[in-house]
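Working notes, structure below.
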Amino acid sequence: MPAITFLYRYGIHLLNTANSRHCGKDTMNFQQLQYAVEIAKTGSISAAAKNLFMGQPNLSKSIKELEEETGIVIFHRTSKGVQLTKSGQEFIGYAQTILKQVEKLESLYNKPSQSLPFGFSAPRAAYISSAFCSYMGSTADRPRHIYYQETNPASVIQDVASGISELGIVRFEPIHGDYYMGLIKENLLEHMLIKEYHMVVLMSRNHPLSAMDIIPVSMLHSCTRILQGDINQDRPELRASRETSEHHSCISVYDRGSQFDFLRHIPGSYMWVSPVPQEELERHGLIQRPCSLSPVCRDIVVYHAGSRFLSLIRELTEALRQAAGEFT
């Protein structure tokens, strides 16, 4: 690990540890500074949240925590938006200076080399692999050695924390958010939201329910569910009851290509998936349908703030957001 990366990560760890021991709570973090500067620039929490690709309630909560930690009121809320207080103007000035200095450090020391390997860990999702391939195929400065791993959420976090992967995508239902966000924080990783969405049902064109525009979830109970074999393998109690007790039969499969084969050849089989690009559906002879009471999932990217591939990570994250923006 480069010295600058080690010192950055270890310094952040020491600062957080020292502060938590001193006052019983975490220090402000780099992302909070970015959030505050973006709000000051737009003059609106809702506009800043849109630019930051995050929910307004989460942004408001983060700024409130920042104000509590610093002991000052940064923004004065009005019916027309927000305005900087006198203390807020001074704070934002310091925050902008810090962000510029970090950006300068990144430009000096975090220039990635094409000879360095780039690891990417993600869930099994067609929109992710398609966006990844499109981006890597269109950039001339892509790393020469790329490792693409499809695995479960905890393994993604472990891969990025250990340095096996530079970038990971963690998928979870909001009800399990505290658990996975805790792992991300524990491993000193940064994160950004790609999208929150409803899962859809993936099935063969010849499936008995294929003619329905919206499938009642109760009609799936007699069907064979294809499961991703290692999902939540790290914490079995996270498995929802719908995975087993409410179904006539389930088949756990670890390879995504084989999952598609099972869907095509086992009558009445289906999978819960993130929306699949149309070209992928046509290539595999499959269809997708919305379903009543479909689970909501979040896909977020995780990475080290000191990564030598920060520019590539940001560009790839934007490509993933654009791909995810094509479905609702």
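Go over the candidates R242, R256, R321, R308 one by one and state the one that is in the same structural domain as L183 (by the TED database) and modelled with pLDDT under 90.
Unique residue meeting the criteria: R308.
What number goes with the only condition from (1) closer than 21 Å to M54 by Cα; (2) surrounded by fewer than 18 Cβ atoms within 10 Å (Cβ to Cβ) that L116 does not pass?
Unmet condition: (1).
Looking at (1) at pLDDT 90 or above; (2) crowded, with 16+ Cβ neighbours inside 10 Å; (3) assigned to a loop (DSSP other than H, G, I, E, B), can you tell me which one W272 breaks?
Single failed check for W272: (3).
Give the range 198-214 a look and list any residue that's of a type in the set (A, V, I, L, M, F, W, C) and either farther than 14 Å from P277 by Cα or in a strand (DSSP E or B) (or both), or say none.
Once the filter is applied, which keeps residues that are of a type in the set (A, V, I, L, M, F, W, C) and either farther than 14 Å from P277 by Cα or in a strand (DSSP E or B) (or both), the range 198-214 yields V200, V201, L202, M203, L209, A211, M212, I214.
Looking at this structure, is G88 touching a strand residue (DSSP E or B) at 6+ places or on another chain (Cβ under 8 Å), surrounded by fewer than 16 Cβ atoms within 10 Å (Cβ to Cβ) and touching a residue at least 24 places away in the same chain (Cβ under 8 Å)?
Criteria not met by G88.
List pairs: first in the range 196-223 and in the same structural domain as G285 (by the TED database), second of a type in the set (D, E, K, R) and not in a strand (DSSP E or B), Cβ under 6 Å, 6+ apart or cross-chain?
Matching pairs, first to second residue: S204/R264; H221/E246.
With the checklist (1) exposed (fewer than 13 other Cβ atoms within 10 Å of the Cβ); (2) in contact with a Pro (Cβ under 6 Å, 6 or more places away or on another chain); (3) modelled with pLDDT of 90 or more in hand, flag the one item C133 doesn't pass.
(2)
So V82 fits all but one of (1) farther than 23 Å from I300 by Cβ; (2) part of a helix (DSSP H, G or I); (3) of a type outside the set (K, R); what number is the exception?
The one condition V82 does not meet is (2).
Considering only residues of the range 68-96 that are of a type in the set (D, E) and more than 13 Å from V37 (Cα to Cα), which is modelled with the lowest pLDDT?
Among those residues, the one meeting the criterion is E69.
Taking the range 275-301 as the region of interest, how many residues are in a loop (DSSP other than H, G, I, E, B) and either at pLDDT below 90 or surrounded by 14 or more Cβ atoms within 10 Å (Cβ to Cβ) (or both)?
8
Could you identify the single residue in I12, I39 that is at pLDDT below 65 and crowded, with 16+ Cβ neighbours inside 10 Å?
Testing whether each residue is at pLDDT below 65 and crowded, with 16+ Cβ neighbours inside 10 Å leaves just I12.
The values are calculated or read from the model by the stated rules, or taken from the named source; none is laboratory data. Note that the structure is predicted; figures quoted are calculated from it, not measured. No Cβ is skipped: glycine too gets one built from the backbone with ideal geometry, and neighbour counts run over all protein chains shown.
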